[in-house]
């Protein structure tokens, strides 16, 4: 073993991200992730997967899992991902993810996982009843990233800790097995404006598919009438829109709707206020509704068209899995050689 600093990774820049197939993707997913996936594919090698291995950390109906995978894939395609440009695949179709995760389970340390706040949040008071998978899924996330030697990962604030764990695992592997620079130390791509979209019914909580109120979110599959109705019924306050962004402080619903408008229009919140300052929500919400329908309506229509042809979605996923394995398999083969596995 040696204490020398690992050599820097010299491979190509790659981006990787994925979404769990739990269905009901919404406006927050679109603005926070999907629209950025579509942009990134034209900037660098991009791997986007459906995280069906991660889906099993909590109970999921087996009869729904495959259809949920297709729905997420349809959302990827409907929001601009091109399977000829980006590599789109189901995680479970690339067994190298799970095999590398076992190696990383032996590299990571319990103390590192004990510090993962998301496990504490998800397990709540029932830690002992939680699956081992829920506890170790950040290690699988590290394998998801590093099996492609991805250098950049789009993350929100709630995932930054997991990316730091990935970096720790990569660095420890490189050091322990005297393989300097073998794995890169991936960097975060911050998601920027629109990354945190709040509930339409409560501006203090994030928009979520788990919210019991369907009125709290705009689903990607909503039609134009549903989108417009949800925006018009969104919770607001009685004050007019201010001239400055700073004056939205303490007004979470107003701040959220201005942020949604800005993200959909490709503007800053200040630019939105420059246009609508002094107006009440009776005037602003119809404009926001029209904008949301114009942007989101076609996405829902395209998803419905894609989902009507599941065989084509399966073909795209199959081709993507082949491309993904062409990259992942050599990396895993090198890992096996490095750790000393008997390969026959």
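The values are calculated or read from the model by the stated rules, or taken from the named source; none is laboratory data. Since this is a predicted model, take the numbers as computed values, not measurements. Neighbour counts are summed over all protein chains in view; Cβ atoms, including those assigned to glycine, are modelled from backbone coordinates with ideal geometry.
Quick notes on this structure:
- When residues of the range 220-243 are limited to those that are surrounded by fewer than 22 Cβ atoms within 10 Å (Cβ to Cβ) and over 15 Å from residue 280 (Cα atoms), the one nearest to the chain's Cα centre (by Cα): 221
- Of all the listed residues (33, 51), the sole one being within 14 Å of the chain's Cα centre (by Cα), at pLDDT below 90 and either farther than 30 Å from residue 175 by Cβ or assigned by TED's automatic domain parsing to the domain that holds residue 83 (or both) is 33.
- Criterion violated by residue 290 - all others in (1) more than 22 Å from the chain's Cα centre (by Cα); (2) surrounded by 17 or more Cβ atoms within 10 Å (Cβ to Cβ); (3) not assigned by TED's automatic domain parsing to the domain that holds residue 51 satisfied: (2)
- Considering residues of the range 170-184 that are under 19 Å from residue 13 (Cα atoms), surrounded by 20 or more Cβ atoms within 10 Å (Cβ to Cβ) and in contact (Cβ under 8 Å) with a residue 60 or more places away in the chain only, the residue nearest to the chain's Cα centre (by Cα): 184
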